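The values are calculated or read from the model by the stated rules, or taken from the named source; none is laboratory data. The shown structure was predicted, so the numbers you read here are calculated from the model rather than taken from an experiment. Neighbour counts are summed over all protein chains in view; Cβ atoms, including those assigned to glycine, are modelled from backbone coordinates with ideal geometry.
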Amino acid sequence: MNLTLKSCLRIALSIFLLYLAIHYWPAVAKLFGTLLSAAMPLLIGGALAYVLNLIMRSYEKRFFPRSTNSKVAKLRRPVCLLLAILSLLAIITVIVWLILPELVDCVELLIAQLPGAIESVIAWLDTVPFLSEELLSTLHSIDWQSKIGDIFNVVTSGVGSVMGVVIATVSSVFSGIVTAFMALIFSIYLLMGRDKLQAQCKRLMRHYLPEKIHDRTLYVLDVLNYSFRRYISGQCIEAVILGALCALGMVILRLPYATMIGALIAFTALIPVAGAYIGAAVGAFMILMVSPMKALIFLIFLVILQQLEGNLIYPKVVGSSLGLPGIWVLAAVIIGGGVAGVLGMLLGVPIAAAAYTLIRNDMNKKDAIAVKTEEKTE
C-alpha cells in the first residue's frame with residue numbers, strides 16, 4: 001500500500017484525536033452526555049416514527065392502495081398517519097385503564113396487610129430456639145402499624161421541603177411533556193416526508209460512500225429493518241393473545257386482579273425468555289397479599305399457559321421468523337438487560353437476530369464460492 005501525504009495526515013490526526021479522547025475522557029463523556037440529552041427528543045421521535053410506520057403501512061395497504069385519483073393519493077398519507085396515532089393512543093389508554101385502578105387497590109391492600117404479615121413473621125420467630133428473648137420482646141413491643149404509616153408519610157411527603165418536592169415534580173413532569181410533544185412532532189415530520197427523506201439519504205450515501213460500502217450498508221440496514229419489523233409485529237400479536245388468555249383463565253379460576261395481571265403479562269411477554277418469569281413473579285406477589293393458595297394456583301396456571309404458548313401459539317404467530325436459536329435469544333436477553341436494562345432486553349433480540357442473519361448469509365456465500373472453486377479445479 002502506497003502511503004501518500006494525505007493518508008499520513010489522516011492517520012496522524014486520528015491518533016491525535018484518540019489520544020485527546022482517552023486523556024480527557026471525563027470531559028468527552030460529559031460532552032457526549034450533553035449531546036445525547038439534547039438529542040433525546042429526536043431519538044424518541046425516531047423510535048416512535050418507526051413504530052407508527054408499522055401501523056401506518058397496514059392502513060395504507062387498505063386505504064385505496066391502487067387508486068389513481070390525485071386527491072385520494074394526497075390524503076392517503078395524512079389520514080393513515082392520523083389513524084396510526086389514534087390507534088397507538090387507544091392502546092396506551094386501554095392499558096392504563098386496565099392497570100391503574102387495580103394497581104391502586106393492590107398498593108392499598110399491601111399497606112393494610114403488611115402489619116399482619118410482620119406479626120405472623122414475628123410469631124414464627126418465637127418458635128426459633130436460638131433467638132434471644134430480648135430481641136423477641138423488642139420486636140413485639142414495636143407498633144408496626146404506626147411505623148409503616150410513618151414510613152409511608154416520609155415517602156409520600158419527600159425528604160426535603162414540600163415546596164421543593166412539588167417544584168421538582170412539576171419541573172420533571174413539564175420536561176417530560178415537552179420532550180414527548182417534540183418527539184411526536186418530529187415523528188410526524190419524519191413519516192410525512194418518509195419517501196423524500198429516504199431518497200435523500202440514499203443519494204447522500206451513494207455520493208459520499210464507495211459503491212461496495214454503499215451496497216453493504218443498505219444490505220445491513222435492510223436486514224436490521226426486517227428483523228425489527230418481524231420481531232415487533234410478531235411479539236405484539238403473541239403478547240396480546242397471551243395476556244387475553246391469562247386474564248380469561250384468571251376470571252374462570254376466580255383469581256383477583258385478572259385484568260391488571262393479564263395486561264402485565266402481555267407487556268412482559270414482549271421480553272423473550274425473561275418476560276414470563278418477571279410477569280409471574282409480580283403477579284404472584286400481588287395475589288399473595290390476598291391469598292397464598294390463590295397465588296399458588298396462579299403460578300400453576302401460568303406454567304401450564306406458558307407451555308401451551310411456547311409449543312402452540314408462539315410457533316404459529318412468530319414461528320422461526322427471526323431465525324435465531326434459543327440459546328442466542330437467551331444470551332441476547334441477558335447481555336441486553338445487563339447493558340441497558342429492560343430496553344436492552346427488548347432491543348437485544350432483534351439486534352442479535354440481524355447479526356446472526358448477516359453472519360450466516362456471509363458464511364453461506366463464502367461456502368458456495370469455495371464449492372464452486374473446488375468444482376472448477378477438479
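Points to keep in mind about this one:
- Residue list for the range 190-206, filter: without any contact (Cβ under 8 Å) to a residue 24 or more places away in the chain and loosely packed, with under 15 Cβ neighbours inside 10 Å: GLY193, ASP195, LYS196, LEU197, GLN198, ALA199, GLN200, CYS201, LYS202, ARG203, LEU204, ARG206
- The residues listed here are VAL51, VAL104; of these, the one that is at pLDDT 85 or above, part of a helix (DSSP H, G or I) and either surrounded by fewer than 17 Cβ atoms within 10 Å (Cβ to Cβ) or over 23 Å from the mean Cα position of the chain (by Cα) (or both) is VAL51.
- Any hit, the range 213-229, residues being in the same structural domain as ASN361 (by TED's automatic domain parsing), within 25 Å of VAL329 (Cα to Cα), at pLDDT below 85 and in contact with a Leu (Cβ under 8 Å, 6 or more places away or on another chain): yes
- Test: residue in the range 3-10 that is touching a helix residue (DSSP H, G or I) at 6+ places or on another chain (Cβ under 9 Å), part of a loop (DSSP other than H, G, I, E, B) and not assigned by TED's automatic domain parsing to the domain that holds PRO78: yes
- Some residue of the range 253-260 being among the aliphatic types (A, V, I, L, M), surrounded by fewer than 17 Cβ atoms within 10 Å (Cβ to Cβ) and not in a helix (DSSP H, G or I): yes
- Odd one out for PHE285 among (1) at pLDDT 85 or above; (2) exposed (fewer than 13 other Cβ atoms within 10 Å of the Cβ): (1)
- Flag set for LEU35, criterion: without any contact (Cβ under 8 Å) to a residue 24 or more places away in the chain, part of a helix (DSSP H, G or I) and within 25 Å of LEU184 (Cβ to Cβ).
- Looking across the range 12-24 at every residue that is in a helix (DSSP H, G or I) and surrounded by 11 or more Cβ atoms within 10 Å (Cβ to Cβ), the one that is farthest from the chain's Cα centre (by Cα) is identified as LEU20.
- Selection status of LEU75, out of contact with any strand residue (DSSP E or B) (no Cβ under 6 Å at 6 or more places or on another chain), within 15 Å of GLY193 (Cα to Cα) and modelled with pLDDT under 85: yes
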